[in-house]
Amino acid sequence: MKDKMKTVAFSNLIASLVFLGAGAWAYSQTLSFRTVKGSYVQAATFPQIMLLGMMGFAGVLLVQSAWKLTRFGFKANDWAYEKAASLNFVKDRGVLFALVTMVLCAAFVAWFRTLGYVLASFLLCFAVMVLIGKRNLVQMLLISALVPLCMWLLFYLLLKVNIPMGPLTFVRDFVDDIL
């Protein structure tokens with residue numbers, strides 16, 4: 001059994017349990033979101049759909065990993081029995097980039113109310129593009145600005161979800177004046 005604990009299948013089993021636990025906790029948090037009478041789509045709807053999807057995929061990974069770790073799932077030369085990669089960020093730049101991305105996402109959450117959705121998303125998107133090696137500045141600026149703005153418009157106009165705008169509240173007022 002000790003050899004099985006160093007395989008990709010075992011790593012996937014642990015990861016699926018972590019994602020199931022985190023997803024269940026996050027879903028329980030959405031149950032306390034405020035509801036708006038007369039609105040078909042509530043503030044909790046989108047996060048709940050995404051979390052159910054994440055937990056569904058984690059459940060599939062859990063079953064697959066458990067199957068692979070039993071004798072029933074054994075096949076010669078199966079990828080699941082390869083040695084799992086190290087999570088040492090000193091040795092693996094991909095792990096370091098993942099950790100930095102997690103820190104950026106935490107900063108996004110911290111900046112969300114102050115800067116608003118569009119500015120916080122702009123900063124996150126731009127930082128992630130720098131991190132993955134994009135170098136076309138015009139393309140990075142356009143994508144970082146237009147994607148969050150279009151997503152805000154989608155949520156604000158179609159789904160009627162009022163997302164904080166921070167210093168860009170004048171954009172929401174401008175859209176309200178036009179429509």
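The values are calculated or read from the model by the stated rules, or taken from the named source; none is laboratory data. Since the model is a prediction, treat every value here as computed from it, not as a measurement. Quick reminder, even Gly has a Cβ in these numbers, built from the backbone with ideal geometry, and neighbours come from all protein chains shown.
In the set (1) exposed (fewer than 13 other Cβ atoms within 10 Å of the Cβ); (2) modelled with pLDDT under 90; (3) outside any helix (DSSP H, G or I), the condition left unmet by L99 is number (3).
Restricting the range 18-60 to residues that are loosely packed, with under 14 Cβ neighbours inside 10 Å and among the aliphatic types (A, V, I, L, M), the residue that is farthest from the chain's Cα centre (by Cα) is V36. Annotation: S144 fulfils all but one of (1) closer than 23 Å to F33 by Cβ; (2) part of a helix (DSSP H, G or I); (3) touching a helix residue (DSSP H, G or I) at 6+ places or on another chain (Cβ under 6 Å); the unmet one is (1).
Among the residues making up the range 76-90, those that are out of contact with any strand residue (DSSP E or B) (no Cβ under 6 Å at 6 or more places or on another chain) and either modelled with pLDDT of 75 or more or assigned to a helix (DSSP H, G or I) (or both) are W79, A80. Just a yes or no: is a residue in the range 22-37 within 23 Å of K68 (Cα to Cα) and in contact (Cβ under 8 Å) with a residue 24 or more places away in the chain? Within the range 22-37, not a single residue is within 23 Å of K68 (Cα to Cα) and in contact (Cβ under 8 Å) with a residue 24 or more places away in the chain. Among residues of the range 93-105 that are closer than 19 Å to L123 by Cβ and β-branched (V, I, T), those with a beta-carbon under 7 Å from a residue that is assigned to a helix (DSSP H, G or I) and at pLDDT 85 or above at least six positions away or on a different chain give the pairs V100/L131; T101/V128; T101/L131. Within the range 8-49, being in contact with a Gly (Cβ under 9 Å, 6 or more places away or on another chain) and modelled with pLDDT under 90 holds for one residue alone: A9. The residues on offer are V118, V161, and the sole one that is under 26 Å from G38 (Cβ atoms) and of a type outside the set (S, T, N, Q) is V161.
In this structure, L159 qualifies as among the aliphatic types (A, V, I, L, M), farther than 30 Å from V8 by Cα and not assigned by TED's automatic domain parsing to the domain that holds T35. Among residues that are modelled with pLDDT of 95 or more and closer than 30 Å to V130 by Cα, A58 is included.
Taking G94, is it exposed (fewer than 12 other Cβ atoms within 10 Å of the Cβ), at pLDDT below 90, of a type in the set (G, A, S) and under 26 Å from P148 (Cα atoms)? Here the answer is yes, as G94 does meet what is asked.
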